Amino acid sequence: MSSPPRRIGSCRRMARWIAVLSAAWIAGSGSAAIGGQIHRNAGAGLAMTIDTRWFLGPGYRPIPIEVRSATPQNADRTLTVEFLSRGPGPANNYCVSTVQDIEVPAGAGQVRAVLRVPQSLGNEYRILVSEDGLLIRSLSVAGMTDTDANPGAHQGLPKVLAVAQTPTGTQSLIAALTEGIGVAPQVAGMLPPFDAELAARTFPAGELLPSWLDYSNLDAICLSLDELQAVRNTPAGQAILRWTRAGGNLLVYAVERDWQRLPELEEILGLPQSKPATNAGAQPSGWTTPDKKLYGEPLKGFVSDESYGYYRAAAAEPAAEKKPEPPPVPDRAPFLYRDYGMGTVVALAPSDPYADSGHDWRWLCNSLGSERLMWSQRHGVSMARENADFWNFLIPGVGLPPVNAFRVLITLFVVIIGPVNYFLLRRWGKLHLLLVIVPASAALVTLALFGHALIADGLGTRVRVRSFTRIDQRRGEAICWSRLSYYAGLAPRGGLTFSDDIAAIPIEYEPPDAGARGRDVLWEARQHLTRGWLRARTPTQFITVRARQSDYGLSIRPSPEHPDSLVVENRLGTRIQELVVRGSDGRYFA
């Protein structure tokens, strides 16, 4: 049987120190990309498969883990898996340590789990597996070096997951996304070759993961209507739909040219059935047709980060090397799009959109806009550049020095401790006391200023929140985006705790410096940000996105006594200051 949670935490801390000290014993190293490595190890009567293949970028990196019993297990076992991501530099400090327990019940032939690692600015990782505080070397993974692992370098490209049972030809999509991308010549020798797979990659439907957090670092998911129909009732299918409603972009193809299968798509998405178009070429109600003026235009707003050596060429090409003119604008657009919760759904007519030459993909990207398809623009957080608006959302009156008050106090201190003190001691004939009075006064004033700052800022933790919540009462679901600003007089011993359906994304003023900071994550029933996430007397900010089931809402019905009025029951759990209701007949009530 497993130990109680408190005891497990103590054993885990002991296991971590033993594992870190023992890590040097693990032999061997690799030079495989962190974005596509499968580790298969066996030992201690178990066979373990750890799959680190996923996209690079901000958000969470899902690592599926499969444990199989090589020999019959007569007792329950608890494995502690720790994923250590290390950053560059002489100190080689780890960026993020993510720990999770995997329970292997007696008699279980196979156990599956997913370790979700916050993306970090690291170029090396290792995986330590321990049991009862002892490192299992045969199941652990040695240090894997990856010079291309920094997610900040790849946030200049949309990341598209193509769902298909067999590898699809995504070359046209990759060509459209990477059009004009080059490597800055001044740092060309310091960069790895450009990896187009960082823009689009194919995964079979059977490998899709069960939580919406597993897709939190993607920009778009592309799959056929048949594939969506096949996974709609699975945890992975529900996770994809929830991720879309939380702000993602879902591209569904094979809806057919005359949109014959659009009602089928709307039924899967739970959308009201659109009214059919009255004439050929018109879009169904509720859907938007792309602007034909954007057809043939180069990608706009999709700019890679120059500080990491990637750039989008803006200069015109020589006349002899100009690309052929795009074909005429099609009479009927091959795709439609509409809002879906806080995200976007795109219906594509072709049964094989990857056969396109790239013009339709660029048309689609420009129609949605970089603010929807670029992770950093959609979330308002960059992992490669300074986040200048960090200072626009601090807690008022906390964490900033009172500059004017300090100027006045320092001026008075200098005047009193200098000429005034000298004049008085000289008049009294005790100038030798300057050697005692000056340092004592300086120490006293310093302690007074420190005490004032301590009392003014306090020792507790303060938080400022700005949030937007969208409640879908039909589905019983709530989507909430929040920006949190923390200031802790003393860092809380327990760190921060978030639910397992919340994506917590730190906002750093200078993200490259975040790579030297050690941060610990402990996954139990919730995600526990134990160390390094909230530092004492340091402004700290997060963007959080939550998608969850919720029974909150409003009950609205016509008033039986007054036909022109409504009766509203508040089930939001908070007071309402202002409410506007639009009826099905178009009338507004306030």
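No value in this document is a laboratory result; all are computed from the given coordinates. Since this is a predicted model, take the numbers as computed values, not measurements. Virtual Cβ from ideal backbone geometry, glycine too; neighbours counted across all protein chains shown.
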Where does each of 416-427, 329-340 land if you order them by average Cβ count within 10 Å, highest first?
329-340, 416-427
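Given a cut-off of 14 Å, what percent of all Cα-Cα pairs of the range 498-590 lie beyond it?
Everything past 14 Å amounts to 78 percent.
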Considering only DSSP states other than H, G, I, E and B, which trypsin sites (Lys or Arg not before Pro) in the range 479-553 qualify as loop sites with at most 16 other Cβ atoms within 10 Å?
493, 526, 535, 537
Taking R0 as 25 Å and r as the Cβ-Cβ distance between residue 474 and residue 288, the FRET efficiency 1/(1 + (r/R0)^6), rounded to the nearest 0.05, comes to 0.70
Compute the distance in nm between two label points, each set 7 Å from the Cα along the Cα-to-Cβ direction, one at residue 110 and one at residue 490.
5.1 nm
Any aspartates and glutamates with Cα under 15 Å of the residue 292 Cα? List them, leaving off those in the same chain fewer than 8 positions away.
331, 360
Extended-chain gain in nm, criterion 0.36 nm per residue less alpha-carbon gap, residue 577 and residue 407
56.9 nm
When the chain is fully extended, how far beyond the present Cα-Cα distance does residue 589 get from residue 538, taking 0.36 nm per residue of separation?
13.8 nm
What's the local net charge at residue 64, with K and R +1, D and E -1, over the other residues with C-beta under 10 Å away?
-2
At 0.36 nm per residue, and after removing the present C-alpha to C-alpha distance, how many nm does the segment from residue 438 to residue 171 gain when stretched out fully?
88.7 nm
I need the calculated FRET efficiency for the pair residue 567 and residue 450, taking r as the beta carbon distance and R₀ as 41 Å, to the nearest 0.05.
0.10
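Among the GluC sites (Glu not before Pro) in the range 533-590, which ones are in a DSSP loop with at most 11 other Cβ atoms within 10 Å of the Cβ? Mind listing them?
561, 578
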Sites residue 73 and residue 498 - FRET efficiency at Förster radius 35 Å, r taken between beta-carbons, to 0.05:
0.60
